[in-house]
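Worksheet: the structure to be examined is printed underneath.
The values are calculated or read from the model by the stated rules, or taken from the named source; none is laboratory data. Everything quoted here is computed from the prediction, not taken from an experiment. Cβ placement follows ideal geometry from the backbone for every residue including glycine, while neighbour counts extend to all protein chains displayed.
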Amino acid sequence: MKSLSMTLLLCIVQLAAFSQNKYHLLVITGGHGFEKVPFYNMMDSLGNFTYDQLEQPKANELIASSEVGRYDALVFYDMNDSITPAQKQAYLHLLQKGKAMVFLHHSLVSYQNWDDFLRIIGGKYYEKATMVNGSPVKSSYQHDVIIPVKVENPAHPVTKGLTDFEIYDEVYGNFLTQPTIGPLLSTTHPGSSKYIAWTNPYGRSEVLFIQLGHGPEAFGNSNYRKLLRQGIEWSIKRHR
């Protein structure tokens, strides 16, 4: 009986320690509509995370303040174009220090006129036709398609345990990526650029970008949830 009591006490202590060790995220939205209930149901399902929600432009104000230190990772699901010089410097300062940042889906479209953002996130969606290396580039999108997803790096902690899968989601086409990226996922969908998830180094940080994640079908996809959970956990542990 004494042994059973000690075992029970140890379990309680371990559970208490686990609850105290939950990672705390700032989930940043704004600038693009999305279905909030299924999105936050997905976030609630991920496990060892608590999070605060903040829309732009308030999120950038917080990022430029000392309050940002409360968060283990910043998870961007925004599509924002408004940013002050001081806020730009705050992003760069955090990345130079080694802050965990995860960018999802339409965050690739943010900050069309901030050149450093391309180098931070590792790619760019061009909303307007733009001359790049002497050629015009304009990106595209296509809703509600079945996307074949190939795991490019199954040994990486973000993709560990995942095999090739399909997802009903949105593709982005003709966006450009930097030569610095480390590809994690790719697709052969004709409406999409090749790589749809990657890591990218900037300062002392290694940013994670996942292009998937438009709507409820993606939010409920078990492979996407696993990818997101492992991606956030990897990013936090990588930057501690």
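From the set of residues in segment 215-240 that are more than 27 Å from Pro201 (Cβ to Cβ) and not hydrophobic (A, V, I, L, M, F, W, C), which is surrounded by the most Cβ atoms within 10 Å (Cβ to Cβ)? In this case the residue turns out to be Asn221.
Listed conditions (1) closer than 15 Å to Val151 by Cβ; (2) in contact (Cβ under 8 Å) with a residue 60 or more places away in the chain are all met by Arg229, apart from (1).
Restricting segment 33-64 to residues that are free of Cβ contacts under 8 Å to residues at least 24 places away in the same chain and not charged (D, E, K, R), the residue that is surrounded by the most Cβ atoms within 10 Å (Cβ to Cβ) is Met43.
Scanning segment 10-32 for residues that are surrounded by 10 or more Cβ atoms within 10 Å (Cβ to Cβ) and modelled with pLDDT of 50 or more gives Lys22, Tyr23, His24, Leu25, Leu26, Val27, Ile28, Thr29, Gly30, Gly31, His32. Scanning segment 110-124 for residues that are part of a helix (DSSP H, G or I), among the hydrophobic types (A, V, I, L, M, F, W, C) and over 13 Å from the mean Cα position of the chain (by Cα) yields a total of 2. Answer with yes or no whether Phe117 is touching a strand residue (DSSP E or B) at 6+ places or on another chain (Cβ under 7 Å), modelled with pLDDT of 95 or more and within 30 Å of Glu233 (Cβ to Cβ). Taking the combined requirement at face value, the residue does not satisfy it.
Residues that are surrounded by 14 or more Cβ atoms within 10 Å (Cβ to Cβ) and touching a Leu at 6+ places or on another chain (Cβ under 7 Å) within segment 117-149 comprise Ile120, Ile121, Gly123, Lys124, Tyr125, Val137, Val149, listed in sequence order. One residue stands out among those in segment 80-107 that are β-branched (Val, Ile, Thr) and surrounded by 16 or more Cβ atoms within 10 Å (Cβ to Cβ): the one that is nearest to Gly213 (Cα to Cα), which is Val102.
Listed by position, the strands (runs of 3 or more DSSP E) contained in segment 138-240 that have at least 2 residues being closer than 30 Å to Gly69 by Cα are 182-187, 195-202, 205-210.
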